[in-house]
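Asks: Got a structure for you, written out below as structure tokens; questions coming shortly.
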């Protein structure tokens, strides 16, 4: 019996702070997102839709939301985890920008 690898992928959403990123690795963009409890996830973001939360004031927004994904930014990530444990984001929602 054959199963698609997608059957074993899990999806989820989590909130945290970007602690290192974005980093380029083999043509992909990665960030590390740390939860309030300290768990850190490596997330591939190269094909993610990146948007600002409606509560982020216009004065704190960049022209391109992807430019705001940097160390210190609070984000909500919607992603799928593959069989190797790697997270691939479909959406990044910027909740609060990095402190200036």
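The values are calculated or read from the model by the stated rules, or taken from the named source; none is laboratory data. The structure displayed is predicted, hence computed values, not measured ones. With ideal geometry, Cβ positions are generated from the backbone for all residues, glycine too; neighbour counts draw on all protein chains shown.
Asks: For the condition out of contact with any helix residue (DSSP H, G or I) (no Cβ under 7 Å at 6 or more places or on another chain) and at pLDDT 90 or above, what is the one hit in 52, 32? It would help to see each step written out before you state the result.
Replies: Numbers: 52 fails: out of contact with any helix residue (DSSP H, G or I) (no Cβ under 7 Å at 6 or more places or on another chain).
After ruling out the rest, the residue left standing is 32.
Asks: Can you work out which of the residues in the range 35-49 that are surrounded by 12 or more Cβ atoms within 10 Å (Cβ to Cβ) and in a loop (DSSP other than H, G, I, E, B) is modelled with the highest pLDDT?
Replies: 48
Asks: Go through the range 68-89 and report how many residues are farther than 18 Å from residue 34 by Cα and either touching a strand residue (DSSP E or B) at 6+ places or on another chain (Cβ under 9 Å) or at pLDDT 95 or above (or both).
Replies: Qualifying residue count, the range 68-89: 1.
Asks: Further, regarding this structure: What pairs come out if I take residues in the range 63-86 that are touching a residue at least 24 places away in the same chain (Cβ under 8 Å) and pair them with residues that are in a helix (DSSP H, G or I) whose C-beta lies under 8 Å away, six or more apart or interchain?
Replies: 82/5; 83/5; 83/8
Asks: Which of the residues belonging to the range 10-29 are under 12 Å from residue 72 (Cα atoms) and at pLDDT below 95? Lay out the reasoning, then the answer.
Replies: Initially, the range 10-29 is screened for residues under 12 Å from residue 72 (Cα atoms), giving 16-22.
Correct list: 18, 19, 20, 21, 22.
Asks: A further question on this structure: Can you say whether residue 62 is within 16 Å of residue 15 (Cα to Cα) and at pLDDT 90 or above, as far as the supplied structure shows? Walk me through it before giving the result.
Replies: Numbers: within 16 Å of residue 15 (Cα to Cα): no; at pLDDT 90 or above: yes.
In short, no.
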